[in-house]
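S.K.: Before anything else, here's the structure in question.
The values are calculated or read from the model by the stated rules, or taken from the named source; none is laboratory data. In this text the structure is predicted, and so the values were computed from the model without any measurement. Note that each Cβ is placed from the backbone with ideal geometry, even for glycine, and that neighbours are counted across all protein chains shown. The area values use the complete protein model at the heavy-atom level, side chains included, leaving out ligands, DNA and RNA. Shrake-Rupley method; radii C 1.70, N 1.55, O 1.52, S 1.80 Å.
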Amino acid sequence: MNLDIQNKNALVCGSTQGIGKASAMQLALEGVNVTLIARNEEKLKKVLTELPNNNQNHSYIVADFSKPLELKEKLEASNLNFHILVNNTGGPAGGPVFNAQLDEFERAFTQHLKCNHVLVQALVPFMKEAGYGRIINVISTSVKQPLDGLGVSNTIRGAVANWSKTLANELGQFNITVNNVLPGATGTERLNEIINNKAKKTGLSVEEVSKNMMNASPAKRFAKPEEIANAVVFLASERASFINGINVPVDGGRTKSL
């Protein structure tokens, strides 16, 4: 299938590792001009050299998502002609919601919802002018089925999903779609942290925790970051022009609800 997104411009958040990096790679393979955004400049430089089609106009922006006003300033100093925005930020630390401190909620709300909103407000004017916009939020299957031991994440992810649906209703008339990709357990550094924390708390080995998590999915394995990225790229394409305001689980069938 020709996705028809050659020479479109994409801004991909959290793109130095995991799903963000995989999404940047897959978009670049489709001929998209990719701008990476994350806080570690050395990692950004490294990923930039790895992007396919280096004859494309790839670039990067250094920004810390714990500082939304600083992010806004960085964006205002940049060329904001992006057709595609991939919102992707590492999840909050695990733990029961009852034990969560107030600052944990505030920090996660800032990094996920506030910064997503700053990005959207900065990029949507060009999308309207271009008559083409794709906003894809990488969230979690917890927006459909809360995950044990991820209390703050469950809470904030749900807020982002509802923000996204509201935005989809407001922007659809401009040929701007807003959709959420909900990864299941994916082979990333974030998953390794979750597994190690769970092993420490339960007394199980890392191998036992990993096996139990794999068995929770009918696929009996973890996703590859590229498998999540494939959904992101399709939703960013011309071929997904009438898909708007939905949650797309990419979890091998783990989520029990429809």
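S.K.: Name every residue in the stretch 98-108 that is in a helix (DSSP H, G or I) and within 20 Å of Lys198 (Cβ to Cβ), in order of residue number.
M.R.: Listed by number, the residues that qualify are Phe98, Asn99, Glu104, Ala108.
S.K.: Only one of these conditions is not met by Gly91: (1) closer than 20 Å to Asn179 by Cβ; (2) modelled with pLDDT of 95 or more. Which number is it?
M.R.: (2)
S.K.: Picking from Gly20, Gly31, which residue would you name as being within 16 Å of the chain's Cα centre (by Cα) and small (Gly, Ala, Ser)?
M.R.: Only one candidate passes the filter, namely Gly20.
One line per residue, one yes/no per condition, for (1) of a type in the set (A, V, I, L, M, F, W, C); (2) over 19 Å from Ala38 (Cβ atoms):
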{"site": "Val97", "(1), (2)": "yes, yes"}
{"site": "Arg107", "(1), (2)": "no, no"}
{"site": "Met127", "(1), (2)": "yes, yes"}
{"site": "Tyr132", "(1), (2)": "no, yes"}
{"site": "Thr141", "(1), (2)": "no, yes"}
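S.K.: Further question: Counting just the residues of the stretch 232-258 that are among the basic types (Lys, Arg) and not assigned by the TED database to the domain that holds Ser15, which one comes out nearest to Leu182 (Cα to Cα)? Before you say what the answer is, go through the steps one by one.
M.R.: Pass one, the stretch 232-258, residues among the basic types (Lys, Arg): 239, 254, 256.
Now narrow it down to the ones that are not assigned by the TED database to the domain that holds Ser15: 254, 256.
Values: Arg254: 11, Lys256: 14 Å.
Result: Arg254.
S.K.: Output the qualifying pairs, or none if there are none: Cβ atoms under 8 angstrom, residues six or more apart or on different chains, first residue in the stretch 242-258 and touching a residue at least 24 places away in the same chain (Cβ under 8 Å), second residue open to solvent by 50 Å² or more (accessible area, probe 1.4 Å) and acidic (Asp, Glu).
M.R.: What qualifies is Val250/Glu227.
S.K.: Condition (residue is closer than 24 Å to Phe222 by Cα, assigned by the TED database to the domain that holds Leu119 and not charged (D, E, K, R)) applied to the stretch 64-87: is it met by at least one residue?
M.R.: Yes, the stretch 64-87 has at least one match.
S.K.: Across the stretch 157-201, which residue is modelled with the lowest pLDDT among those that are among the hydroxyl-bearing types (Ser, Thr, Tyr) and over 23 Å from Ser257 (Cα atoms)?
M.R.: By that ranking, first place goes to Thr188.
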